[in-house]
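Reviewing the structure listed below.
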Amino acid sequence: MSTPAPQKFEFQAEIAQLLDIVTHSLYTEKEIFVRELVSNASDALEKLRHTQLTEKDIYDDKAELEITITTDDKAKTITISDTGIGMTRAELVQNLGTIAHSGSKQFLKTLGESGSKNANLIGQFGVGFYSAFMVAKTVKVYSHSWRAAEPGHVWTSTGAGSYEIEEAPDARRGSKIVIELKDDCADYAQDWKMKEILERYSAFVSYPINLNGKRINTVQALWLRSKNEIKDEEYTEFYKFQAHAYDEPRLRLHFSADAPLSINALLFVPKENTEKLGFARTEPAVALYCRKVLIDPKPKLLLPEWLRFLKGVVDSEDLPLNISRETMQDKALIEKLNKVITKRFLKFLEDEAKNRADAYNEFYAEFGIFLKEGAAMDFTHKDQIVKLLRFESSLTEKGKTTSLADYVSRLGADQKEIYYLVGPNRAAIEAGPYLEGFKARNLEVLFCYEPVDEYVMSNVREFDGKKLTAADHADVKLADLPKPEGALSEDDTKKLTAWLKESLGERVADVKASDRLVDSPALALNADKFMTPQMRRMMKAMKKDGADEPLKVNLEINPRSAVMKRLFETHASSPEKAKLVAEQILDNALISAGLLDDATPMVARLYKLLESV
Ligand code: ADP
Ligand code: MG
């Protein structure tokens, strides 16, 4: 029995156009053809598995379900075969000769709209099977359908207008794609090169992939397995493999969702925050997969920026395989994924904080800075993030923290504000003059030690209807305390503040008796809402000449302090000396406020004062 002669077919007009572009394209990431062909092979195997469930009479039924790849660098060929569902003659014509595939359709449509032969669009839309022609002189597809009655066929094309189909007597079940490489693409026939590409894109494909006799994909797509059958060690091993990490993960979240999108995600928080160690800004590293095939190892928009410390994998069946790698063709879809995953991760942190407070606090000590960034910048998730912030306070022990919710739960009925103080550490804030008035009134004050805190607090603005307020700001009004014995009378206090205002002149905006001092003689309050001490330092550092922003401070004095009583006595009798003392009191207050820029005049003055002792 003789086999019929090869039959020649013209490609459908659109395919011809597509191929013309693909074969002449200068698209640089040509290696994606491997991803496309392996994913087709994997799809074909998956389809066979389903067919086996319902059909009895399957051709070559004993064949292992696997993908076999061989390279021949002498002949410059690559062969990718699978034992999947295969194609009949009619299916070869239908699937490879006409435009059924949505990515290719979209590609042509966009191309028509943009009116150019933009090579990048290939990467953006993926052109599926046809991407082989970026690297191929000729492509042969040997295929035998699972249907036993049909003989095997080979489909052959150079990608120029037409293809041929003829019978191929010895075909095994499935498809075997033989690529004869263009001379300038011969590198792809190197074993190491192909191995590298396969490891990048296909490490988790569920069917075995063998390259030149060696198994490539040994790690399972853990994220698709059920949580309760995975051991901790397996998770750790996976984390190390996937994130190229050497540490153990600190936290992990493994979840799946069906609505509004089908998602399987496995996220890890590393042990250490490398940004904190002084390494460069972390790059987003949660990889995006579609049914175990890598779409993008570092998708920028998959998670908000402040979650850039996360590692792991997100897999969504709803993604088209050819979703753009450069610009994320389907923004809306990625945005949806982003929302779902971020919400879920925040919920996870909330649960951790509640159920494993110690572990959460350790996480926070390492990664809290990212949450602060989120609280200040991510308007969508701000409310959820703010709940996760932690601070020491005037009521916590050193090293112990409180949440804003706990702070609010301790508030008196009429307190409308949440007070905070920024300082380098606990000791500095406790030694400063600002805290005592709050302490005397039993008002809790949050302690903020990080340079960003100021910015975070002013961006967060409020929590649970309570305004976040800097305790060292001049606008803060505190309730009266009973007047203690031995203070200067109201009259004398008035005289003293008027005299101080006059002698200190330009250096102060206002001088008045304080309602917040208990022990200290005086304090300086920043009267400029927008120019906080931290802000001033920053402005100064940014200016080349180091010029100071003009200061606007209010000096508040404590009429109960011995220093003030003594100053009141001397300001009339020895005004010269009293003026030196007044200047010194102001400088002391500025030091506590972090507002003294130049201590030189102070040193000279101190010597003068010491002479008169
Ligand atoms: P897509 O995979 O998105 O459908 P492709 O251009 O990659 O688009 O492939 C076109 C079609 O060709 C596939 O839908 C499938 O029907 C068929 N096909 C491709 N490769 C194989 C294969 N290895 N085995 C069986 N069918 C295949
Ligand atoms: Mg495909």
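Every number here is computed from the coordinates shown, using simple stated rules; none is lab data. These numbers come from a predicted model, not from an experiment. Here the Cβ positions follow ideal geometry from the backbone for every residue, glycine too, while neighbour counts run over all protein chains shown.
Counted by Cβ distance under 13 Å from CYS448, the other residues give a net charge of -2, where Lys and Arg count +1 and Asp and Glu count -1. The mean sequence distance of close C-alpha pairs (under 8 Å, at least 6 residues apart), as a share of the length of segment 222-365, puts its relative contact order at 19 percent.
Full extension from LYS501 to ALA5: what is 0.36 nm times the residue separation minus their Cα-Cα distance, to one decimal in nm?
Result: 167.7 nm gained on full extension.
Remark: the chain carries a charge dipole of roughly 500 debye about the Cα centre, counting +1 on each Lys and Arg Cβ and -1 on each Asp and Glu Cβ. Of the cross-linked pairs LYS193/LYS292; LYS62/LYS231; LYS336/LYS466, those separated by over 24 Å at the C-alpha level are LYS62/LYS231; LYS336/LYS466. State the antiparallel share, in %, of DSSP beta bridges confined to segment 414-508, rounding to the nearest 5. Antiparallel: roughly 20 percent of the beta bridges in segment 414-508. Net charge in the neighbourhood of SER202 (other residues with Cβ under 13 Å of its Cβ; Lys, Arg +1, Asp, Glu -1) is -1.
Here the calculated FRET efficiency for ALA365 and SER206, from their Cβ-Cβ distance with R0 = 45 Å, stands at 0.70, rounded to the nearest 0.05.
Fully extended, how many nm does the chain gain between LEU606 and LYS331 (0.36 nm per residue separation, minus their Cα-Cα distance)? Stretched fully, the LEU606-LYS331 segment lengthens by 92.4 nm. Suppose R0 equals 45 Å; then what is the FRET efficiency for GLU450 and GLU576 from their Cβ-Cβ distance, rounded to the nearest 0.05? For GLU450 and GLU576, the calculated efficiency is 0.50. P(r) tail, the chain: Cα-Cα pairs separated by more than 47 Å, 41% of all pairs. Taken over the Cα atoms of segment 7-215, the convex hull encloses 118 Å³ per residue.
Dipole of the chain computed with +1 at Lys/Arg Cβ and -1 at Asp/Glu Cβ about the Cα centre; of SER520, LEU496, VAL219, farthest Cα towards the positive end is LEU496.
For segment 353-399, the set of trypsin sites (Lys or Arg not before Pro) satisfying both a DSSP loop assignment and a count of at most 14 other C-beta atoms within 10 Å is given as ARG356, LYS398.
Residues of segment 233-257 falling in the label zone of GLU272, defined by backbone nitrogen less than 12 Å from a point 7 Å along Cα to beta-carbon, are 246-248. Here is the list for segment 430-500: trypsin sites (Lys or Arg not before Pro) lying in DSSP coil, each with at most 16 other C-beta atoms within 10 angstrom of its C-beta, are ARG441, ARG461, LYS477. Taking every alpha-carbon pair under 8 Å whose residues sit at least 6 apart, the chain reaches a relative contact order of 9 percent. Whole-percent P(r), segment 391-470, all Cα pairs, 5 Å bins from 0: 3, 15, 29, 28, 19, 5, 0.
With r defined as the distance between the Cβ atoms of LYS240 and ASP183 and R0 fixed at 45 Å, what FRET efficiency is calculated, to the nearest 0.05?
Values: r = 40 Å, r/R0 = 0.89.
E between LYS240 and ASP183, to the nearest 0.05, is 0.65.
Hey, what did segment 371-502 get for relative contact order, percent, Cα under 8 Å, at least 6 apart? Computed over segment 371-502, the figure is 25 percent.
When MET602, MET194, MET538 are sorted by how many other C-beta atoms sit within 10 angstrom of their C-beta, beginning with the fewest, the order is MET538, MET602, MET194. Net charge dipole, segment 222-365: roughly 260 debye, given to the nearest 20, about the Cα centre with Cβ charges of +1 for Lys and Arg and -1 for Asp and Glu. Extending 7 Å from Cα along the Cβ direction at LYS47 and again at GLU417 yields two label points whose distance is 6.9 nm. Across the chain, the longest piece that holds none of the GluC sites (Glu not before Pro) lying in DSSP loops with up to 16 other C-beta atoms within 10 Å covers 65-271.
When the chain is described by a simple charge dipole with +1 on each Lys and Arg Cβ and -1 on each Asp and Glu Cβ, the residue from ASN210, ASN554, LEU266 located farthest towards its positive end is ASN554.
Give me the percent of DSSP beta bridges within the chain that run antiparallel, rounded to the nearest 5.
So the antiparallel bridges amount to about 75 percent of the total.
Each other residue within a Cβ distance under 10 Å of GLU275 adds +1 if Lys or Arg and -1 if Asp or Glu, for a net charge of +2.
Each of ALA562 and THR138 was given a label point 7 Å from its Cα along the Cα-to-Cβ line. The distance between the two points is 10.5 nm. Mind checking which of VAL135, LEU319, SER104 is farthest towards the positive end of the chain's charge dipole, using Cβ charges of +1 (Lys, Arg) and -1 (Asp, Glu) about the Cα centre? It is LEU319, whose Cα lies furthest towards the positive end. Sorting HIS381, HIS24 by the number of Cβ atoms found within 10 Å of their own Cβ, with the fewest placed first, yields HIS24, HIS381. Label sites at ASP247 and LYS552, each approximated as a point 7 angstrom past Cα along Cα to Cβ, lie 4.5 nm apart. Tell me which trypsin sites (Lys or Arg not before Pro) from segment 1-69 have a DSSP coil assignment and no more than 11 other beta carbons within 10 Å of their own. Taking segment 1-69 and a limit of 11 other Cβ atoms within 10 Å, the loop trypsin sites (Lys or Arg not before Pro) found are LYS56, LYS62.
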